[in-house]
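Asks: This is the structure I want to talk about, given as structure tokens.
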Amino acid sequence: MKQFRMLINADDKLGHINPEIYGHFSEHLGRCIYGGIYVGEDSPIPNIRGIRKDVIEAFKNIKLPVLRWPGGCFADEYHWKDGIGEKSGRKKMVNTNWGGVVEDNSFGTHEFLDLCELVGCEPYISGNVGSGTVRELSEWVEYMTFDGVSPMAELRRQNGREEPWKLKYLGIGNENWGCGGNMTPEFYAGEYKKYASFCKNYSGNNLYRIACGPSAGDYEWTETMMTAFNDQNKWLMDGLSLHFYSIPDWNNKGFAVEFDDEGYYTLLETANFVDTLLKRHSEIMNRYDPEGRVGLIVDEWGTWFDVEPGTNPGFLYQQNTMRDAMVAALTLNYFNRYCKRVKMANIAQVVNVLQAIILTEGEKLIKTPTYHVFDLFKEHQNGEAVYCWSENEKIGSKHGVPMVSSSASVKDGVLTLTLANVSLDEEAEISCDVCNFAASEVSARILTGDAHAHNDFDAPDTVTVKAHSAELKDGKLTVKLPACSAVEVTLR
């Protein structure tokens, strides 16, 4: 067993942890929307206006704070007017990015915003810059948010919604360096200014406009965008996105369940690169925006493997193991630590796609190990991140990954500490001095298991959260972390 000392100083505040850091991403891709979230009003699967009840409840349980839609690459070929009005009259289209299947547009603006209201989360709309127009996006904003007399407001009322919705988060384009138009950062910055200028604030609604940012380590893109909005135009950009997938080898991704010890550590080492990305992009942003006005929005992140055998290659359906849970715990702890700059993050994707928190098959639903990590970490939402230091050592086959990952926050007189031990075979014991926080009781929960362990439709609870033991005596916290485990410790 490895012994590690830790120190938490509750008076040393690092920043506010926006709930949106625990956000999610839904795209018209594979079975994420159809069959995953939306089954239609006539389905025998219990639903509310076509939206699965079990999915709504699962989202509520982890306090899902924000949901991004309709993409992804799909967003830049999506034309919103095709997805409103009577479903029988909606236009069909070919989903050219994801499997070449027919999209019937039965899940559109009204259905998505209905879902967000049922869950109680903020909607995050990703607008079409790649194949759309300024007028199209500006009219979409008007349609959703204007309560006066105008063509778009009247059209919304004709389609059954009298009152406008509140829309805070608006993404203007997606991956415009790639599937969103193959643009240079200079060209995109000019396009963004034009689009953002015509997306207005109506009826008390206040848009938080998010620009397409870099892919992983493209620091030049970040530099260009921050330069372009460092003058009289800076009010046009509230957030800059960042996309990073944990993929050691794009040409040989491997399978979610089939991996050896080296494959496990290689993936964790790749995921740990998010620390470098957040640090370097933040440093660039700090030079132009020292007050931290522009948020870093990590609106696509997670693992990406080869699809499960026998499934459509364009549907990106993969299983989810304790290895994925370790990636999630490691990443979320970093987001907490960088919360002064990171204002939102959206794991890809919420149901049946990539590192999904939920998998469905007909009427059946299972919660993946990644779902349970979000359950363990949910009390960080709206907390104040505080100083949390730990002894550590690097493990793995190449550059190594820290064996223990951690972050801590304080909210409403409660201190929440989340820990992960990513070692495959060694237990860790944490001895933590807790300073400037008076606590009289401690509780803990744990998610642990073999790295290959996962839930399936025959055994949905193989991996689940359980109670765990922790000791608090004279301001010192002691907790053991089994190999391949994530733990939440609560001090009151």
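Asks: Taking residue 24 and the conditions (1) within 28 Å of residue 333 (Cα to Cα); (2) outside any strand (DSSP E or B), which numbered condition does it fall short on, given that it satisfies the others?
Replies: (2)
Asks: Before we move on, is residue 133 assigned by TED's automatic domain parsing to the domain that holds residue 39 and at pLDDT 95 or above?
Replies: Working: assigned by TED's automatic domain parsing to the domain that holds residue 39: yes; at pLDDT 95 or above: yes.
It is true that residue 133 is assigned by TED's automatic domain parsing to the domain that holds residue 39 and at pLDDT 95 or above.
Asks: Check whether at least one residue in the stretch 152-171 is over 14 Å from residue 71 (Cβ atoms), in contact with a strand residue (DSSP E or B) (Cβ under 7 Å, 6 or more places away or on another chain) and aromatic (Phe, Trp, Tyr), and report yes or no.
Replies: Checked the stretch 152-171: at least one residue is over 14 Å from residue 71 (Cβ atoms), in contact with a strand residue (DSSP E or B) (Cβ under 7 Å, 6 or more places away or on another chain) and aromatic (Phe, Trp, Tyr).
Asks: Here's another thing I want to ask about it. Please state which one of 353, 342, 373 is touching a residue at least 12 places away in the same chain (Cβ under 8 Å), buried (at least 22 other Cβ atoms within 10 Å of the Cβ), closer than 14 Å to residue 405 by Cα and in contact with a helix residue (DSSP H, G or I) (Cβ under 8 Å, 6 or more places away or on another chain). Even if it seems obvious, please write down each step before you answer.
Replies: Numbers: 353 fails: closer than 14 Å to residue 405 by Cα; 342 fails: closer than 14 Å to residue 405 by Cα.
Criteria check complete, one pass: 373.
Asks: Shifting gears a bit: Just to be sure, is residue 128 modelled with pLDDT under 95 and either hydrophobic (A, V, I, L, M, F, W, C) or closer than 27 Å to residue 357 by Cβ (or both)?
Replies: Values: modelled with pLDDT under 95: no; either hydrophobic (A, V, I, L, M, F, W, C) or closer than 27 Å to residue 357 by Cβ (or both): yes.
For residue 128, the condition - modelled with pLDDT under 95 and either hydrophobic (A, V, I, L, M, F, W, C) or closer than 27 Å to residue 357 by Cβ (or both) - is not met.
Asks: Inspect all residues belonging to the stretch 16-29 and state whether any of them is farther than 30 Å from residue 385 by Cα, surrounded by 17 or more Cβ atoms within 10 Å (Cβ to Cβ) and over 20 Å from the mean Cα position of the chain (by Cα). I'd like the intermediate steps shown before the answer.
Replies: First, the residues of the stretch 16-29 that are farther than 30 Å from residue 385 by Cα: 27-29.
Right, trim to surrounded by 17 or more Cβ atoms within 10 Å (Cβ to Cβ) and you get 27-29.
Now drop any that are not over 20 Å from the mean Cα position of the chain (by Cα), which leaves none.
No, there is no match, as no residue in the stretch 16-29 is farther than 30 Å from residue 385 by Cα, surrounded by 17 or more Cβ atoms within 10 Å (Cβ to Cβ) and over 20 Å from the mean Cα position of the chain (by Cα).
Asks: Please determine whether any residue of the stretch 172-186 is over 17 Å from residue 297 (Cα atoms), part of a loop (DSSP other than H, G, I, E, B), aliphatic (A, V, I, L, M) and assigned by TED's automatic domain parsing to the domain that holds residue 140.
Replies: yes
Asks: Those residues that are in contact with a Leu (Cβ under 7 Å, 6 or more places away or on another chain), part of a helix (DSSP H, G or I) and either closer than 20 Å to residue 284 by Cα or among the aromatic types (Phe, Trp, Tyr) (or both), I need them from the stretch 188-221; list them, please.
Replies: Of everything in the stretch 188-221, just one residue is in contact with a Leu (Cβ under 7 Å, 6 or more places away or on another chain), part of a helix (DSSP H, G or I) and either closer than 20 Å to residue 284 by Cα or among the aromatic types (Phe, Trp, Tyr) (or both), namely 195.
Asks: Please enumerate the residues belonging to the stretch 231-263 that are under 20 Å from the mean Cα position of the chain (by Cα), more than 29 Å from residue 291 (Cα to Cα) and among the polar types (S, T, N, Q).
Replies: Correct list: 246 only.
Asks: Additional query: So, residue 56, is that one assigned by TED's automatic domain parsing to the domain that holds residue 134, surrounded by fewer than 24 Cβ atoms within 10 Å (Cβ to Cβ), hydrophobic (A, V, I, L, M, F, W, C) and part of a helix (DSSP H, G or I) or not?
Replies: On the way: assigned by TED's automatic domain parsing to the domain that holds residue 134: yes; surrounded by fewer than 24 Cβ atoms within 10 Å (Cβ to Cβ): yes; hydrophobic (A, V, I, L, M, F, W, C): yes; part of a helix (DSSP H, G or I): yes.
So residue 56 passes the test.
Asks: Going residue by residue through the stretch 31-44, is there one that turns out to be surrounded by fewer than 22 Cβ atoms within 10 Å (Cβ to Cβ), under 30 Å from residue 423 (Cα atoms) and in contact with a Phe, Trp or Tyr (Cβ under 7 Å, 6 or more places away or on another chain)?
Replies: No: the stretch 31-44 contains no residue that is surrounded by fewer than 22 Cβ atoms within 10 Å (Cβ to Cβ), under 30 Å from residue 423 (Cα atoms) and in contact with a Phe, Trp or Tyr (Cβ under 7 Å, 6 or more places away or on another chain).
Asks: What residue, of 129, 149, is assigned to a loop (DSSP other than H, G, I, E, B), free of Cβ contacts under 8 Å to residues at least 12 places away in the same chain and over 30 Å from residue 380 (Cα atoms)? Explain how you work it out, then say what you get.
Replies: On the way: 129 fails: free of Cβ contacts under 8 Å to residues at least 12 places away in the same chain.
Only one candidate qualifies: 149.
Asks: I'd like the full set of residues that are free of Cβ contacts under 8 Å to residues at least 60 places away in the same chain and either surrounded by 22 or more Cβ atoms within 10 Å (Cβ to Cβ) or out of contact with any helix residue (DSSP H, G or I) (no Cβ under 9 Å at 6 or more places or on another chain) (or both), limited to the stretch 395-424.
Replies: Just the residues of the stretch 395-424 that are free of Cβ contacts under 8 Å to residues at least 60 places away in the same chain, to begin with: 411-412.
Result: 412, single match.
Asks: For the stretch 364-483, give me every one of the strands (runs of 3 or more DSSP E) that falls completely inside it and has 1 or more residues that are of a type in the set (Gly, Ala, Ser) and under 27 Å from residue 272 (Cβ atoms). Working first, answer last.
Replies: Numbers: elements: 364-367, 384-390, 404-411, 414-421, 428-435, 442-448, 466-468, 470-473, 476-481.
Passing ranges, in order: 384-390, 404-411, 414-421, 428-435, 442-448, 470-473.
Asks: So which residues in the stretch 341-363 are under 18 Å from residue 63 (Cα atoms), of a type in the set (Val, Ile, Thr) and in a loop (DSSP other than H, G, I, E, B)?
Replies: 350, 357
Results for (1) more than 23 Å from residue 105 (Cβ to Cβ); (2) modelled with pLDDT of 95 or more; (3) polar (S, T, N, Q), shown as yes or no for each residue.
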{"site": "5", "(1), (2), (3)": "yes, yes, no"}
{"site": "10", "(1), (2), (3)": "yes, yes, no"}
{"site": "17", "(1), (2), (3)": "yes, yes, no"}
{"site": "22", "(1), (2), (3)": "yes, yes, no"}
{"site": "27", "(1), (2), (3)": "no, yes, no"}
{"site": "30", "(1), (2), (3)": "no, yes, no"}
{"site": "37", "(1), (2), (3)": "no, yes, no"}
{"site": "40", "(1), (2), (3)": "no, yes, no"}
{"site": "43", "(1), (2), (3)": "no, yes, yes"}
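Asks: I've got another one for you. Mind listing whichever residues of the stretch 186-218 are touching a Lys or Arg at 6+ places or on another chain (Cβ under 6 Å) and among the hydroxyl-bearing types (Ser, Thr, Tyr)?
Replies: 208
Asks: Moving on. Can you find even one residue in the stretch 72-81 that is surrounded by 17 or more Cβ atoms within 10 Å (Cβ to Cβ), at pLDDT 95 or above, on the phi > 0 side of the Ramachandran plot and not hydroxyl-bearing (Ser, Thr, Tyr)? Write out each step before concluding.
Replies: The initial filter retains those residues of the stretch 72-81 that are surrounded by 17 or more Cβ atoms within 10 Å (Cβ to Cβ), namely 72-78, 80-81.
Keeping just the survivors that are at pLDDT 95 or above gives 72-78, 80-81.
Those still in the list that are on the phi > 0 side of the Ramachandran plot too: 72.
Now restrict to residues that are not hydroxyl-bearing (Ser, Thr, Tyr): 72.
Scanning the stretch 72-81 turns up at least one residue that is surrounded by 17 or more Cβ atoms within 10 Å (Cβ to Cβ), at pLDDT 95 or above, on the phi > 0 side of the Ramachandran plot and not hydroxyl-bearing (Ser, Thr, Tyr).
The values are calculated or read from the model by the stated rules, or taken from the named source; none is laboratory data. Predicted model, so just to flag it, every value in this text is computed and none were measured. Using ideal geometry, Cβ is built from the backbone for each residue, glycine included, and neighbour counts are taken over all protein chains shown.
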